[in-house]
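Here is the structure we will look at, set down as structure tokens.
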Amino acid sequence: MESEKKSSAVSDVGAWAMNVVSSVGIIMANKQLMSSSGYGFGFATTLTGFHFAVTALVGLVSNAAGYSASKYVPMWELLWFSIVANMSITGMNFSLMLNSVGFYQISKLSMIPVVCVMEWILHSKHYSREVKMAVMVVVVGVGVCTVTDVKVNAKGFICACVAVLSTSLQQISIGSLQKKYSIGSFELLSKTAPIQAVSLLVFGPFVDYFLNGNAIIDYKMSYGALFFILLSCSLAVFCNMSQYLCIGRFSATSFQVLGHMKTVCVLILGWVLFDSALTLKNIMGMIIAVLGMVVYSWAVELEKQSNAKTALNVKNSLTEEEIRLLKEGVEHPPAKDIELGDSKV
């Protein structure tokens with residue numbers, strides 16, 4: 001039993017490390033690919049379509065080679081999930097275009113309480129006081145180190161709301177679909193990736209043209225840009241896979257809270273690799289955020305132990321009650337009606 005717990009803990013850490021490393025790596029690669037000082041590939045939605053196309057190809061090869069098994073999931077569930085996921089991607093892109101960076105960061109931070117509320121509504125999930133306090137500490141910390149100017153307009157606010165709601169619903173749905181159909185994270189990703197790839201590659205160029213006014217067919221491809229596109233797609237496979245793994249192992253709330261460790265890593269790497277400014281405000285915010293993540297991990301573990309103890313007490317009390325009823329049945333057998341031969345009620 002102890003060895004199983006250690007093995008599970010190692011797997012959890014591995015999945016989380018894969019998500020952090022691949023997510024930070026893909027952000028760094030995309031920054032070089034899409035920035036004006038890099039290769040100026042400003043087609044984020046289409047690039048995401050490339051990501052899912054490569055992920056779908058990897059899933060197809062894996063199934064054909066027998067490394068993964070394909071389980072049944074109704075097509076309408078896959079289509080519904082893919083629509084929500086694509087709304088998340090498109091909403092995020094529009095939110096970043098229409099709002100200031102500060103409000104965009106605030107909208108991302110709001111996903112934590114939104115996920116909590118949605119899990120409470122959809123799955124009747126409750127959180128302890130310690131978990132709620134830890135979530136607030138993380139939100140404050142990340143807010144301090146990332147939020148600068150805050151400007152918003154009506155269109156931008158609507159896009160941000162759509163992005164937050166669809167992203168939160170997508171992350172909750174990943175976990176619920178895995179449990180509902182007893183399907184692994186990679187198998188679920190292999191089923192949804194082709195649908196997302198086709199839809200994003202068809203509509204992505206039009207969305208990108210609306211966002212930046214440039215057509216992808218007019219972009220002059222170079223070997224450097226092609227290299228970073230392939231690197232971004234390769235990292236996206238691990239990023240998508242680890243996201244499904246993490247949500248399947250933890251919860252959407254934990255994924256959001258601990259996911260802000262990526263924000264801290266991006267700020268540090270941006271300072272190291274791209275000479276981005278790192279002020280005292282950023283450093284203090286990162287310290288608060290990391291402290292909040294540590295407290296959150298402690299609070300979740302405390303909640304698990306409390307739930308396990310409660311379940312054990314309930315089990316023991318039921319067992320004692322059953323024993324008492326059995327003893328009473330032996331000592332005081334039900335009186336028989338001699339004429340009818342039935343037990344008296």
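The values are calculated or read from the model by the stated rules, or taken from the named source; none is laboratory data. Computed from a prediction, not measured in an experiment: that's the story for all the values here. A quick note on method: Cβ atoms are made from the backbone with ideal geometry, for glycine too, and the neighbour counts reach across all protein chains shown. Just the protein is used for accessible areas: all its heavy atoms, side chains included, with ligands, DNA and RNA removed. Shrake-Rupley method; radii C 1.70, N 1.55, O 1.52, S 1.80 Å.
Can you pull the percent of the stretch 159-205's accessible area that's carbon plus sulfur, 1.4 Å probe, other chains left in place?
On the way: 1170 of 1610 Å².
C and S fraction of accessible area: 73 percent.
Near HIS123, within a Cβ-to-Cβ distance under 13 Å, what is the net charge of the other residues, with Lys and Arg +1 and Asp and Glu -1?
Values: positive: LYS125, LYS179, LYS180; negative: GLU119.
My count for the surroundings of HIS123 gives +2.
Which entries of LYS31/LYS191; LYS71/LYS191; LYS125/LYS179; LYS125/LYS191; LYS108/LYS179; LYS71/LYS179 show an alpha-carbon separation above 19 angstrom in the structure shown? Each step should come with its number before you reach the end.
On the way: LYS31/LYS191 29 Å; LYS71/LYS191 9 Å; LYS125/LYS179 15 Å; LYS125/LYS191 28 Å; LYS108/LYS179 26 Å; LYS71/LYS179 13 Å.
Going by Cα-Cα distance, LYS31/LYS191; LYS125/LYS191; LYS108/LYS179 fall outside the 19 Å limit.
Provide CYS246, CYS161 ordered by accessible surface of protein heavy atoms (probe 1.4 Å), highest first.
Details: CYS246 0, CYS161 50 Å².
The ordering from most to least exposed comes out as CYS161, CYS246.
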